[in-house]
Ligand code: TMP
């Protein structure tokens, strides 16, 4: 198959033109960045694992009625997705205090929050993704009040569903970041879940030991990042048989 035209390259993924109009191919790289690209590295096999983990979680979410951009996995590092117009807002849902909220509000890491908290960040590398309020989002036209409503209600459902699914495999969903896009059909436009859901954009702690099994291992120089991502994939039942370096590809795609 000829290499398709590259449309966009981000920090962890590349988007290529899809096989038919309205589709794209999302390629998962092993590159890892943190602190808005200030820290760079490679986690060997990460792309293979995130492709599988995101496929699995988006498929489960679709089964409970969350519309997503995911169509199907194509191979070890690529998935077919629907082309959407990305809303320039990162939605973060937090259940347990960790990361930036601890600094901002002087909270102790690991403390259960009084309830799940939804935050919005404006997607801008230049501005370092600042925290913004709904007022900013609607005033500057980044998203409509209806878009915000859709993103908020989907994010809370996703949080409930994923928290349950993950605790079932011994993982605490501490917090996570979602991105949404507008999917245009002939008759309408709907807001759908886009990007990926993986240990790159979730904090996942072992429910017994609170061991960090996510990108914080890279951000905080804890080591063992590949093993952590592998462990998440293994618990979800999607670890490639010969490990993430298995280039033979899966025997079956459901
Ligand atoms: P934070 O505590 O650094 O604000 O991160 C909250 C969650 O969002 C955490 O699970 C990591 C994720 N995240 C991203 O996916 N991309 C980002 O650029 C940032 C800052 C956080």
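Restricting the first member to region 55-73 and to residues that are more than 18 Å from residue 177 (Cα to Cα), and the second to residues that are in a loop (DSSP other than H, G, I, E, B), the beta-carbon pairs closer than 9 Å and six or more apart or on different chains are 71/18; 72/253; 73/250; 73/253.
Could you tell me which of the residues 4, 73 is in contact with a strand residue (DSSP E or B) (Cβ under 6 Å, 6 or more places away or on another chain) and at pLDDT below 95?
On the way: 73 fails: at pLDDT below 95.
Exactly one of 4, 73 is in contact with a strand residue (DSSP E or B) (Cβ under 6 Å, 6 or more places away or on another chain) and at pLDDT below 95, namely 4.
Yes or no, residue by residue, for (1) within 16 Å of the ligand (Cβ to nearest atom); (2) more than 30 Å from residue 143 (Cβ to Cβ); (3) modelled with pLDDT under 95; (4) in contact with a helix residue (DSSP H, G or I) (Cβ under 6 Å, 6 or more places away or on another chain):
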{"residue": "208", "(1), (2), (3), (4)": "no, yes, no, no"}
{"residue": "213", "(1), (2), (3), (4)": "yes, yes, no, yes"}
{"residue": "227", "(1), (2), (3), (4)": "no, yes, no, no"}
{"residue": "238", "(1), (2), (3), (4)": "no, yes, no, yes"}
{"residue": "247", "(1), (2), (3), (4)": "no, yes, yes, no"}
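Scanning region 161-194 for residues that are without any contact (Cβ under 8 Å) to a residue 24 or more places away in the chain and within 26 Å of residue 100 (Cβ to Cβ) turns up just one, 164.
Residue-wise test of (1) in a strand (DSSP E or B); (2) under 18 Å from residue 197 (Cα atoms); (3) in contact with a helix residue (DSSP H, G or I) (Cβ under 8 Å, 6 or more places away or on another chain).
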| site | (1), (2), (3) |
| --- | --- |
| 14 | yes, yes, no |
| 32 | yes, yes, yes |
| 55 | no, yes, no |
| 60 | no, yes, yes |
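Please return the ranges of helices (runs of 4 or more DSSP H) entirely within region 93-179 where 1 or more residues are within 20 Å of residue 198 (Cβ to Cβ) and within 16 Å of the ligand (Cβ to nearest atom). Give the steps one after another, and end with the answer.
Values: elements: 100-105, 134-139, 145-167.
Correct list: 100-105, 145-167.
Going by the conditions given, is residue 231 within 18 Å of the chain's Cα centre (by Cα), at negative phi, within 11 Å of the ligand (Cβ to nearest atom) and outside any strand (DSSP E or B)? Show your work before the answer.
Working: within 18 Å of the chain's Cα centre (by Cα): yes; at negative phi: yes; within 11 Å of the ligand (Cβ to nearest atom): no; outside any strand (DSSP E or B): yes.
No; evaluated as a whole, the condition is false for this residue.
Table: residues versus (1) in contact with a strand residue (DSSP E or B) (Cβ under 6 Å, 6 or more places away or on another chain); (2) under 29 Å from residue 111 (Cα atoms).
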position	(1), (2)
128	no, yes
131	yes, yes
134	no, yes
138	no, no
163	yes, yes
171	yes, yes
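When residue 110 is tested against (1) closer than 16 Å to residue 205 by Cβ; (2) surrounded by 18 or more Cβ atoms within 10 Å (Cβ to Cβ); (3) in contact (Cβ under 8 Å) with a residue 60 or more places away in the chain, only condition (2) is not met.
Screening 26, 79 for residues that are without any contact (Cβ under 8 Å) to a residue 60 or more places away in the chain, buried (at least 21 other Cβ atoms within 10 Å of the Cβ) and not in a helix (DSSP H, G or I) leaves exactly one candidate, 79.
The values are calculated or read from the model by the stated rules, or taken from the named source; none is laboratory data. Please read all numbers here as calculations on a predicted model, not as lab measurements. Methodologically, a virtual Cβ is constructed for each residue, glycine included, from the backbone with ideal geometry; neighbour enumeration extends over all protein chains shown.
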